[in-house]
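Read through the structure below, which is laid out as structure tokens, and then see the notes.
What follows is calculated from the coordinates using simple rules that are stated; it is not laboratory data. Keep in mind the model is a prediction, meaning the values are calculated, not measured. Quick reminder, even Gly has a Cβ in these numbers, built from the backbone with ideal geometry, and neighbours come from all protein chains shown.
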Amino acid sequence: MALDQMTEVLQADVARFPRARLTVTKGPDKGLEVVLEGQPVVVGTDESCQLKLTDTSVSRRHFELTGGPGGYRLRDLRSTNGVRVEGVQVMDAKLSDKARLSVGRTELRFEPERHEIQWPLSPHERFGEVLGRSLVMRRLFALLERAAPTDSPVILEGDPGTGKEVLARSIHEKSARREGPFVVVEFGASSEPLMESDLFGHDVSSARPSARPGAFEEAEGGTLYLDEVSELPNGLQAKLLRALETREIKRPGVMGGIAKVDVRVIASTQKDLEAEVKAGRFREDLYFKLSVFRVRVPPLRERPEDVPQLVRSFELKNKGGQAISDETIEMLARHDWPGNVRELRNVLERLAAFPDLGAGAIAKALGKNMEPGDDESSGAKLRAEMSNQLLSMPYHDAKDRVLESFEKTYLLEHLKAANGVVTRAAQRAGLPRQSVHRMLRRLGINTSDE
């Protein structure tokens, strides 16, 4: 079955749920409140929190509330003192009625209102290469289906591994610029001079005898994707804003001339850019310029019902792997997946490469340990099965398989540690970035934020 045959058109709909209010009723911040309209709200003492408290017994990021059809979900973000709902400590709870919350020395009141929030939902369960039947993903698809045909900038906010770059590429492919280039610039692990050179290129100077075009010129007529735009230093934020407003760029260098550019910009970030603006780390005028469409990409933990569909789609891509049982898929759907879809994909790739190691790989992914005494016997059994599998193959085939498995596992672990940023992963591995890109292409590893 082909991947595009796995999806079906769903009935177009509008999801409805009540707006809610979260108010501090006791503690040093009494009277503070935030209105909940489905957006994620983090409560804590950190500057980035949507409800920032001064109570020193509250963790920096204490708990999170996210809303949607069916009510609001409260998740303890591994706080020091925990969260209590009506006096009962919880790690994960559903809130649909009025409730009293306690964190540290602070009490809050959660209260749904009569005002109704409406989410337009896409009738489709995919947008380009991104799949999802859940309501949060169909809402995301509805927003992107409206944004894609326009020429407006888009900001994609979300955790590492949620699929931001894949979504950006899909927006490009559904736009009038689809025949033009799609150029990616990564800011996550670059110095300011390198960022400037990547964006605007450089002209002839005493340090650089040859000129080089930057990403703006390379993306002419197409789309420029700025990954981790929140990492831009303030000086470059001003230059980026000027380029977007004037549609002109100037290559750094003695001979640098002014060039007209015609590009659409899509940016992504792990951070809440609105909070970055309030903290003074990101220019407000640039934020408004980039966020004509501001879209939050939900983490996999908020859409566990999409896991079976994702597993089956990766199964098709991992040719030759054994079919994954429904029981295993149910176990995978119960996992939080802190690395999101990228982590799920990596685990499934390992299972496809060495199916005999499946139980161990899944147990590790789910954070489960083997029973005492099982490590040695199970490990010996798995090693024996793997050896038998390799010994049944011709020498060069077996050698290539072991080497490819090592390279893939090695690079995937470095990518995971680098939050998917290839430049940072290459630095960790002690390899040139171009070499890592070539290895990733050869191994069939998608380096986008999938």
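For the reader, a short list of remarks on this structure follows.
- Packing rank of 426-432, 267-273, where each peptide gets the mean count of other beta carbons within 10 Å, highest leading: 267-273, 426-432
- Between residue 278 and residue 250, residue separation times 0.36 nm minus the direct Cα-Cα distance comes to 7.1 nm.
- Applying a threshold of 31 Å to the alpha-carbon distances of 26/271; 30/416; 164/317 flags 30/416 as lying beyond it.
- A simple rule links phi to the HN-Hα coupling: the Karplus curve 6.51 cos²θ - 1.76 cosθ + 1.60 with θ = phi - 60°, which for region 406-413 gives 4, 4, 5, 4, 4, 5, 5, 5 Hz, with x for Gly and Pro.
- Cβ-based net charge around residue 123, under 9 Å, with every Lys or Arg adding one and every Asp or Glu removing one: -1
- Alpha carbon convex hull of region 34-163, volume per residue in cubic angstrom: 136
- Length released on extending from residue 179 to residue 285, taking residue separation times 0.36 nm less the Cα-Cα span: 35.1 nm
- Taking a point 7 Å from the Cα of residue 194 along the Cα-to-Cβ direction, the residues of region 219-250 with backbone N closer than 19 Å to it are 225-237.
- With 0.36 nm allotted per residue and the present C-alpha distance subtracted, the residue 331-residue 113 stretch has 74.9 nm of extension available.
- Across every direction, the projection of the convex hull enclosing the Cα atoms of region 119-203 has a mean area of 7.0 nm².
- Each of residue 435 and residue 94 was given a label point 7 Å from its Cα along the Cα-to-Cβ line. The distance between the two points is 5.3 nm.
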